[in-house]
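Right, one structure below, let's go through it.
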Amino acid sequence: MPVAFWHTVVLLTLSNVFMTFAWYAHLKEMNDKPWYLAALFSWGIAAVEYAFQVPGNRIGYTVMTLPQLKILQEVITLTVFVPFVVLYMKQGLKLDYLWAALCMLGAVYFIFREGAP
């Protein structure tokens, strides 16, 4: 894999960590606050997320097609989300996460089987 692929993986993983917290941490940390305060809190986190996401997608697009980039992002999302749910939100690990991961592996296979552009 080209170095640009791995740079993309790192940047999109960092991006996804921030976005997962932006989307869901307020459910745990701010559930007693008005929604608009949670939205401001989330937007602040999302602003940092974009600092990783935009260069990650730009770099990735030099070595992958757009569908490949999207499927990579979805795999990263699941990889970040499961530990977030279990460790941060304190919800149990479910077998459904394994089935979802297997479906994502199928998506990776089909979208990457022809190679990069």
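Read-outs: derived from the displayed coordinates by stated rules, not from any lab. Quantities reported herein were computed from a predicted structural model and do not represent experimental measurements. Positions of Cβ are generated from backbone atoms using ideal geometry, with glycine treated the same way; all protein chains shown enter the neighbour counts.
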Seminar exercise, completed: So for R0 = 22 Å, FRET eff. of Met89-Trp6 from the Cβ-Cβ r, to 0.05, ends up at 0.15
Exercise. Relative to the longest principal axis of the chain, what angle (0 to 90°, nearest 10) does the C-alpha long axis of helix 66-83 take?
Worked result: 40 degrees
Exercise. Between the helical axis of 95-112 and the dominant principal axis of the chain, each derived from Cα atoms, what acute angle in degrees is found, rounded to the nearest 10?
Worked result: 30 degrees
For this session: Counting other beta carbons within 10 Å of each Cβ, put Ser42, Ser15 in order, fewest first.
Result: Ser42, Ser15
Problem set entry | Positive minus negative residues near Ile45 (Lys, Arg vs Asp, Glu; Cβ under 14 Å) | -1
Problem set entry | Electrostatic dipole magnitude of the chain [Cβ: Lys, Arg +1; Asp, Glu -1; Cα centre; debye, to 20] | 40 debye
For this session: For Met30, list long-range residues whose amide hydrogen, built 1.01 Å from N in the peptide plane, is under 5 Å from its own amide hydrogen.
Result: none
Exercise. Remind me, relative contact order of the chain in percent, using alpha carbon pairs under 8 angstrom and six or more residues apart?
Worked result: 34 percent
